[in-house]
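The values are calculated or read from the model by the stated rules, or taken from the named source; none is laboratory data. Predicted model only: the values in this text are computed from it and were never measured. Glycine gets a Cβ as well: all are built from the backbone with ideal geometry, and neighbour counts include every protein chain shown.
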Amino acid sequence: MRAMVLEAPGTPLRLRERDDPIPGAKQIRIKVSACGVCRTDLHVLDAELPDIKYPIIPGHEIVGRVDALGADVATHRIGDRVGIPWLGATCGVCRYCQGGTENLCDHPTFTGYTRDGGFASHTIADARFAFQLGELGDDVAVAPLLCAGLIGWRSLVMAGDAERLGIYGFGAAGHIVAQVARWQGRSVYAFTREGDSAAQNFARSLGAVWAGPSDRMPDALLDAAIIYAAAGELVPAALRAVRKGGRVVCAGIHMSDIPSFPYDILWGERQLVSVANLTRQDGVDFLKVAAAAGIRTQTTAFPLTEANEVIARLRRGELLGAAVLVP
Ligand SMILES: [Zn+2]
Ligand SMILES: [Zn+2]
């Protein structure tokens, strides 16, 4: 197999050849056909998350076909088209696993972070955490659904029944969630980096009723806002933009420090919450919604070997929608 490997913190990915991995019990091997690039991959590359396994193959928006089965796999067959998400496996016994919030498991593994992911020609996954994709979309178009879509969906559910919904950071997750929100009959307000007219026009083309820089107040107070960008200063900005009783959802795994803010902007029963990871049920629910809503992802495909250049472009905010690597 070939893979783009992160061998130490802060170093570029390196192309490596390895022996094909052998699936263990309850595992499947996947021949990767596409793997999306997510902002979380930047946090792994920059060692902004704790306990990264080195060397690690990043990538947790994997689409491919099962090409080998380990022992005790009854759920998948050779040739099945599957999606491998961020949640690699859970312990199954902690209070969170037992209580229906396996996204908060005390002993999880995460794809492309604590177990090898999809910036590769092949990868191993726990069959119990692999989604059957059937014939949904083409491989490149579906890849961003596996994290941007799925965790985007969890954050949208967390936003409650908000009619006027703000989206801070209009990238891979934002452009998917905006489509779902529109399909549900909500009004979308898109907040981007100052001067990013490409992203603002993109948001309007997807039905946003308002688009502007993230430090501007929208023309009406929001019922809820979801923050996908990793900038802590967006928290007070979003709190100022929501009405009394409104909710601000932080959907990123990492954020720069949140500046202090006057209690006034939280007062009035505004709520500030975070979303962590995903449950398998989120995946089942969202993949149905994605098909029903006819979500069309905006993607650009690149060869796997260009991963470092793609990551640099993502950092500079140069990519519209989602980038996808193809081995
Ligand atoms: Zn657990
Ligand atoms: Zn992700």
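In the set (1) surrounded by fewer than 22 Cβ atoms within 10 Å (Cβ to Cβ); (2) closer than 24 Å to residue 305 by Cβ; (3) modelled with pLDDT of 95 or more, residue 41 fails one condition alone, (1). Restricting the stretch 82-104 to residues that are surrounded by 19 or more Cβ atoms within 10 Å (Cβ to Cβ) and within 8 Å of ligand 1 (Cβ to nearest atom), the residue that is farthest from the chain's Cα centre (by Cα) is 97.
For residue 28, the requirement of being buried (at least 16 other Cβ atoms within 10 Å of the Cβ), within 16 Å of ligand 2 (Cβ to nearest atom) and touching a residue at least 12 places away in the same chain (Cβ under 8 Å) is not met. Looking only at the stretch 74-124, filter to residues that are assigned to a strand (DSSP E or B) and of a type in the set (A, V, I, L, M, F, W, C); which one of those is farthest from residue 323 (Cα to Cα)? Taking the candidates together, the pick is 89. Condition check for residue 14 on (1) away from ligand 1 (no atom under 16 Å from the Cβ); (2) free of Cβ contacts under 8 Å to residues at least 12 places away in the same chain; (3) crowded, with 16+ Cβ neighbours inside 10 Å; (4) not polar (S, T, N, Q): one failure, at (3). Within the stretch 37-69, being closer than 18 Å to residue 84 by Cα and away from ligand 2 (no atom under 16 Å from the Cβ) holds for 64, 65, 66, 67, 68, 69. Restricting the stretch 281-312 to residues that are polar (S, T, N, Q) and farther than 26 Å from residue 205 by Cβ leaves a set whose member that is nearest to the chain's Cα centre (by Cα) is 281. Among what's in the stretch 105-117 and is surrounded by 14 or more Cβ atoms within 10 Å (Cβ to Cβ) and near ligand 1 (Cβ under 9 Å from one of its atoms), pick the residue that is farthest from residue 50 (Cα to Cα). Filtering the stretch 105-117 for residues that are surrounded by 14 or more Cβ atoms within 10 Å (Cβ to Cβ) and near ligand 1 (Cβ under 9 Å from one of its atoms), the one farthest from residue 50 (Cα to Cα) comes out as 105. Scan (1) within 30 Å of residue 256 (Cα to Cα); (2) more than 16 Å from ligand 1 (Cβ to nearest atom); (3) not in a strand (DSSP E or B) for the single condition residue 71 breaks and write down its number. Among (1) within 30 Å of residue 256 (Cα to Cα); (2) more than 16 Å from ligand 1 (Cβ to nearest atom); (3) not in a strand (DSSP E or B), the lone unmet condition for residue 71 is (1).
Going by the conditions given, is residue 271 surrounded by fewer than 16 Cβ atoms within 10 Å (Cβ to Cβ) and either over 18 Å from residue 37 (Cα atoms) or within 15 Å of the chain's Cα centre (by Cα) (or both)? In short, yes. For the stretch 51-66, indicate whether the set of residues that are over 22 Å from the mean Cα position of the chain (by Cα), in a loop (DSSP other than H, G, I, E, B) and over 30 Å from residue 255 (Cβ atoms) is non-empty. No, the stretch 51-66 contains no residue that is over 22 Å from the mean Cα position of the chain (by Cα), in a loop (DSSP other than H, G, I, E, B) and over 30 Å from residue 255 (Cβ atoms). Could you tell me whether residue 34 is within 16 Å of ligand 2 (Cβ to nearest atom) and at pLDDT 95 or above? Yes, satisfied. Which members of the stretch 203-219 meet the condition of being part of a helix (DSSP H, G or I) and more than 21 Å from the chain's Cα centre (by Cα)? Scanning the stretch 203-219 gives 204, 205.
Of all residues in the stretch 56-67, none are of a type in the set (Asp, Glu), more than 15 Å from residue 143 (Cβ to Cβ) and out of contact with any strand residue (DSSP E or B) (no Cβ under 7 Å at 6 or more places or on another chain).
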